[in-house]
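The values are calculated or read from the model by the stated rules, or taken from the named source; none is laboratory data. Fair warning: this is a prediction, and the values are worked out from it, not measured in the lab. Don't worry about glycine lacking a Cβ; one is built from the backbone with ideal geometry, like all the others, and counts go over all protein chains shown.
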Amino acid sequence: MFTPEQRARLRSDLLRHADADRRISGAAITGSAAVDREDQWSDIDLAFGVADEAQLPAVLSDWTAHMYGQHDALHHLDLQFGAWTYRVFLLPGTLQVDLAFVPAREFRAIAPSFRLVSGEANEARHAPPADPVVLAGLALLYALHARTSIARRELWQAEYIISGVRDHALALACIRHGLSAVHARGIDHLPAGVAAPFEDSLVRHLDTAELARAFRAVLHGLQRELQSTDPALALKLQDTLTTLVETAN
């Protein structure tokens, strides 16, 4: 397991490396360290603007070689978000290092957790939260397919989709309480009375009776959340959700 001291040294090394790279127009600390919420489990999150967009592939390649050659990276993968490329590295000791690169014209804070440490950044433009109507629609689609999976005795798929209903319902709750709905970041900060009822929707073992029980529980939880989030939509979907409960077996 990495230590906070090792993590701090590596972050400093990477920021110095960015200072020496003339192609980098700006560097920022992001994630929990940017808002003083770092703990012993936190990873490293850094963001970089690239002055010449045409140089972005070369910058990614060179920084990747640096991570493997100088910091013993074990593996990496890319995640794309708009113009941003997040290159995620796994290092020995389970340390994760997320390096985000974007053309300088788009280098800006897209979340509150952004602290510029060198160079320049554009005006902040935070990404909007997920649309509750879309989340509710996805939860309903998951519910339809969960009922079908149970009926077809596709047990693993049913468990997966029941979890999807629960995830979307809890995301709605997070938005309602002003918490992050991304990757379940806000769920553990929900009031106990909001999250606790969903515990009954956890699938304890794989058989149709248990899946049907968990499915009914998650539908009741979804209905409660819809009544709090969008009463008009909850009323509109009430008959559909009741039918799903009655036909889950």
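Structure values in brief
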read-out: Options HIS71, HIS76; residue that is in the same structural domain as SER12 (by TED's automatic domain parsing) and more than 22 Å from the chain's Cα centre (by Cα); value: HIS71
read-out: Enumeration of residues in the range 196-249 that are among the acidic types (Asp, Glu) and either free of Cβ contacts under 8 Å to residues at least 60 places away in the same chain or within 19 Å of ILE161 (Cα to Cα) (or both); value: GLU199, ASP200, ASP207, GLU210, GLU225, ASP239, GLU246
read-out: Any hit, the range 22-41, residues being free of Cβ contacts under 8 Å to residues at least 60 places away in the same chain, in a helix (DSSP H, G or I) and more than 27 Å from the chain's Cα centre (by Cα); value: no
read-out: Restricting the range 185-218 to residues that are among the aliphatic types (A, V, I, L, M) and in a loop (DSSP other than H, G, I, E, B), the residue that is farthest from ILE150 (Cα to Cα); value: LEU190
read-out: Count of residues meeting criterion [touching a helix residue (DSSP H, G or I) at 6+ places or on another chain (Cβ under 9 Å) and closer than 24 Å to ASP78 by Cβ] in the range 128-142; value: 1
read-out: Filtered residue count, the range 112-149, keeping only those that are assigned to a loop (DSSP other than H, G, I, E, B) and among the hydrophobic types (A, V, I, L, M, F, W, C); value: 4
read-out: Some residue of the range 105-117 being under 30 Å from ARG11 (Cα atoms), touching a Pro at 6+ places or on another chain (Cβ under 8 Å) and among the aliphatic types (A, V, I, L, M); value: no
